[in-house]
Amino acid sequence: MLEEIINYKKKELEKRKKEISLDIIIKGLSLLSDQPKAKDMVGLLKGKERINVIAEIKRKSPSRGYINENIDPMDIAIEYEKGGASAISVLTDHHFFGGDIEEMTMVKRSVDIPILRKDFIFDEYQIYESCSYEADCVLLIAKILTQEELSKFLVILHHFDMSALCEAYDEEDLEKILSTDAKIIGINNRNLQTLGVDIENSVRLASKIPSDRIIVAESGIKDRKDIEYLKQTAGINCFLVGEYLMEPGEKTISERLKGLIYGN
């Protein structure tokens, strides 16, 4: 599945580069004097006491199809902020996840918490593009990047005072990330090849991550019990949650989010 996504994204990116060149994006960034400074994701996730949730805006996924098709991303973002989210993740891939990079900018301007661009980033063009669309943080998936690419992308992000959520699925991914100065390390509980999910992956990899890094458990978090288990077993207090919050249900989005964070 991952290979299929990347192959599609490469073709999509080549088309985008022809429409707007990297030079134009960089020139535009140099002319922007009024662009809001990126919010400090690292500082907000550092707290060890409270549960930090990066709440995700996610219409669909390759594994499930549509989760919640008819949504207003700005309304969802406001609900997330009201519910206590530490940050908001916006899926910007359209073909596989139903997202839109322009929606990310609208979400950014609707709330006062950091915005993570979640996409399949493999080219420096996408880093500069993320900055031009006002992301505060960018997902970097170690599985699709070399150690050199990870380091290079982090340098560009830091130049713009942005941060990265560097994602690992296994020890090989983690080795790449730990060789950089990445501050936020995500552990993906979803196997990107088979799409299977196991939250024990967070327990396994968390023990190999130095205490000065921030750990975010990703995928498979479906209730407060999962959060309490990962906090007690692996010392994790940051979580990226999407499907559980996006599914239609009796409780509002903010109520479900408060339940995850505060346990009520």
remark   = Over 21 Å (Cα to Cα) among LYS152/LYS176; LYS39/LYS258; LYS183/LYS208; LYS152/LYS208 -> LYS39/LYS258; LYS152/LYS208
task = Based on other C-beta atoms within 10 Å, arrange ARG50, ARG190, ARG59 from fewest to most.
result = ARG50, ARG190, ARG59
note = Per its Cα gyration tensor (rounded if a/c is under 1.5, else prolate when a/b beats b/c, else oblate), segment 52-127 is best filed as oblate
message = When a/c reaches 1.5 or more, the comparison of a/b and b/c decides; with that in mind, is segment 57-188 rounded, prolate or oblate per its Cα gyration tensor?
response = prolate
remark   = So for segment 1-131, using the alpha carbon gyration tensor with a ≥ b ≥ c as root eigenvalues (a/c under 1.5 gives rounded; past that, a/b versus b/c decides prolate or oblate), I'd call it oblate
Ranked LEU240, LEU205, criterion: other C-beta atoms within 10 Å, fewest first = LEU205, LEU240
ask   = Tell me, what is the percent relative contact order of segment 2-262, built from C-alpha pairs under 8 Å that lie six or more residues apart?
value = 20 percent
request  = Rank these for me by crowding, SER211, SER151, SER110, going from fewest to most other beta carbons within 10 Å.
outcome  = SER211, SER151, SER110
note = Dividing the helical contributions, -39500 (n - 2.57) per DSSP H run of n ≥ 4, by the residues of the chain yields a 222 nm value, nearest 500 deg cm²/dmol, of -12500 deg cm²/dmol
note = Expressed to one decimal in nm², the mean projection of the alpha carbon convex hull of the chain is 13.0 nm²
task = Could you sort out which of LYS46/LYS118; LYS37/LYS251; LYS9/LYS37; LYS10/LYS37 sit more than 32 Å apart by Cα distance in this structure?
result = LYS37/LYS251
query = If each Cα of segment 129-260 is one equal point scatterer, what is log10 of I(q)/I(0) from the Debye formula at q = 0.09, 0.16 Å⁻¹?
reply = -0.28, -0.85
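Coordinate-derived values only; no laboratory data. Quick caveat, the model's predicted, so the values are computed rather than measured. Counting neighbours? That spans all protein chains shown, and the Cβs are built from the backbone with ideal geometry, glycine included.
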